[in-house]
1. Which percent, to the nearest 5, of DSSP beta bridges fully inside segment C:48-293 are antiparallel?
2. P(r) for the protein assembly as shown: what percent of alpha-carbon pairs falls in each 10 Å bin, starting at zero?
3. Cα centroids of segment C:67-127 and segment C:166-229: how far apart, whole angstrom?
4. In percent, how large is the relative contact order of segment B:119-274, given Cα pairs closer than 8 Å and 6 or more residues apart?
5. Based only on other Cβ atoms within 10 Å, what is the fewest-to-most ordering of A:285, C:90, C:51?
6. Between residue A:127 and residue A:67, how many nm apart are label points set 7 Å from Cα along the C-beta direction?
7. Compute the distance in nm between two label points, each set 7 Å from the Cα along the Cα-to-Cβ direction, one at residue A:229 and one at residue A:152.
8. Compare B:182, B:65, B:147 in a GNM of chain B, Cα atoms joined below 10 Å, and give the one with the largest fluctuation.
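What follows is calculated from the coordinates using simple rules that are stated; it is not laboratory data. Every value quoted in this text rests on a predicted model; they were computed, and no experiment measured them. Using ideal geometry, Cβ is built from the backbone for each residue, glycine included, and neighbour counts are taken over all protein chains shown.
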C-alpha cells in the first residue's frame, strides 16, 4: 500500500465545502475519528513523557555515568546500570547467534526447497511457536532447560572449552546461557517468518536465470539469498528488537545477579529483568527513578533498533507495506 | 591460466569439479532442511512437557477452586482465570474503539500529516517492550490512584493491543472494494453513513479476526501486569483493586519453593497455552471459511 | 475460431472434442530425417548435423496435454523459429530442451528429446551440465542485481573460475559477441539494473554465452523491447548463428521470417508444420499454417 495513493472516492484531506445547516454529520464523524487517532498519539506521548518524568531524579543524580557505572547498590543509594546493559547485550547476542543461522536456513527451506505440504506444516508450527507467551517459555526454561544445562551441556562445555573465560565457572543451569537459548527459541519465528516472506517476494525469474546458466539448486538459492540480504537483515534486526525487550522468560532463567561476568555460565540480569525483579520492592525515590531510567534506556534502544529494522525491510521490499506489515 | 585464442576462446574448463558442486549442493540443502528440523525440536519438547507436566493436575476443580494455602493439596486458579477474562475485557474496551476508530480514520481519511504521523507512531508503539508500558502505566494510573488495580492492568494490556488493531483495521478497511463506496455515494449517502453502514460491516470479519488475535496475545502477557494489576490470591472482581491473572499466578507459583505449586504452574501454563492456541486456530479457521 | 481443413468433405469443426488437427489429410511432408534436403527451390546444402531433436514428445501439465506428439530435428548452426498463437505450447517446448519444466511439479513427459546423441530426458543425464550446454534467454530480461561484470562472470564462477585475468578476457569476449562491449566497457562495475531494457537483454545473452553453450534457447527475446532494441537483438541472433544452434520462440511472424532458417508452427500443442522458413511463408503446405500466417486467427 503505497502512501499517497488515494483509495477513497472522496478527497481524504481537503477541507469540506460549506454546507447548509450548523454542523454536518460528516464533519462530526471525521472529527471523532481524528480524535481517536489523536488518542493513539497521546498514548505514545504519555508513555514517553511518563518514563522521562519518572527517570528525571536519576538522570539528574547520575548523568551519563549511569550507563557505565557498574555498581547497583540500593543500600548506598547509588546506581549504575552497566551490568544490566551488559546482560541485555550478551543474552541478545547469544540469541541472535543461534537464531539467525537456524531461522534463515529454515526460511530458505520453506520458501524454496520444501514441497508445499511440508512447507505449510512447518509454517504452521512456527506460527504456533510465535504465539506462545513468554511466561510459558520461562516455566520451561526453569524446569526443563535448566536441569539439562546443569547436568549435561554445561559440564560438557566446562570440560571441553573451559580454557575460554566464556565457559568457566559453576554449572548452575540458570544463567546467561539459559536466557540466551530461551531467547533464541522465542525470536527464531520472527526471523523465519519475515525472511520467508522476503524470499517469496523475490522474483522467480532470478532463480530461473541462475538455473538456466547451469547452477545447482543451492547455487541458485545463493543468488536469491544474496539479493534478499537487506530484507533478511531487516528481519534479523527486528528480531533483535524483540529480544532486547523480552522480560518474563529471561527473568525466570537468568539467575538475577548484578555482577558483570565474562562467563556465559554465570547468572546475570538484563535491563528488563532487573525492572521486573526490583520494581515493586524499590523503596526510595532514587531507587525507583533509576529503575524507570533503565526502562527509558530500554525504550530508546528498542526504538532505534526497530526503526532501523523497518527501514531495512521497507527498502528491501520496495516500499510494499503489505509484506513489511508482517514485521 | 589464459585460454588460447583461435577463432575465439576455447570453452571454459571447469576448475571446480561436478562432484564438488554436487556435494556442496547436498550439504547446503541438507543444512537448510536441518535448520527447519532444529526449529521443530523446541516446540515439540515444549508441548510434550506442557502436556506431560501440566495435565495431571488439570481437573475440573482447577477452573472452579480458589488457590489453597501452602501445604493444602488441591486448589485451583479460578480467580486467576476470571481475572484474566476481566483484564482482557477492560483491554478490549479501551483498545477496540480507539484502535478501530484510528484504523478507519487512516483508511478512509488517511492522507493528511496527522495520518502519516499516526501510522508511524502506531508502528513504533508496537515495538515498545511490554515492561516499559507497565512502568508508564504505573506512573500514570497506579501512583495517582494510590494502589494497584485491574483498571491499570487492563489499560496496559489495551495499549499493547492498540498497534495491531490499528494496523489490521486499516488494512482490512482498505481492502473493501471501491465499488461499495461508489454505489452508496451514488445513492446519496453522506460519507459517514457510507463508512459506518457499508464499509465497516463489510470489514467486520477481518476486524474481528485481528481483535481476537490481539486478545489472544494480550492474554498471555505478564510483564505489564507486574506493577499495574499486580496479583491477588483472593477472589476479586473489583476494578479498583489488584486482580489475579493467569500469567501472574503462573509466575508466582513457578518461583515458589513448593513442588506442589510448581506443578500447578505447569497446569496453568498448559491452560494458557491451550487458550491462546485454540483462539488463534479458531480465528484462522473462521477466516478461511469466510474466504 | 472456425477451423477449415483442406478436405471439403470434412465439416468445419467448432467445438471440442475434436480429432487432432494434424490428422487431416494432406500431401506427405518432406522427410524430417534429412533437414538439409532441398524443398521447393532451396539451393543444395551439405547435410548438417542434427543438434536438437524431438521424437514423439508429449508433455502433460497435470491433466492438460500441453504438447502432443511433437517430432522434429534441428540442424546445427541454424536459427529455428517456433511460432504459433498464445498457449500453443511453443514456450513449453522450448523449456523442455533445457529441462526447465522440471521446476513445475505437475509436469509429465513421454517420448524423447536429444542433444546430439544424448537423451535430454533421461534421469541419468546431468541436468546442471545440460543447462550450461543449452543456454536460455528469457522474455523479460532478468539480470541479477549485481554489476555487469558479475552478471557475465556468474556462470564462469559456478565452474570455479576465479582467476581475474581469465574472467576479464572471457567477459570482454562475451560482451563483444553480444554487441554490448562498446557500450559498457567503461562501467563494468555498475549495476546491471541501471541498463536499458535492450541492453539488459544483450547482457543476458552475454551471460549465457560466457559459458560457451552449444545451443541457445530464446523465449520471445525481444517482445519486451522497443523496435530499435528488437532490431539489434535480431541482428545479434543472425551473427551468433555461425557458432551456436539457436531456437527462437516468437509471436512475431515477420521476425521469424527475418531471422530464421527454419520455422516450426505449433497449434494447441501439436506441431502443424516444420520446414524451411522461406518456403513456409511463401507457400505453406498446410491450410492451418496459411491461415495463421495470413492472420486468420491467433
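1. Percentage antiparallel, nearest 5: 60.
2. 2, 10, 16, 18, 16, 14, 11, 7, 4, 1, 0, 0
3. Each part's Cα centre sits 25 Å from the other's.
4. Reported as a whole number, the value is 28 percent.
5. Placing the least packed residue first, the sequence is A:285, C:51, C:90.
6. 4.1 nm
7. 3.7 nm
8. Result: B:182 has the largest fluctuation of those listed.
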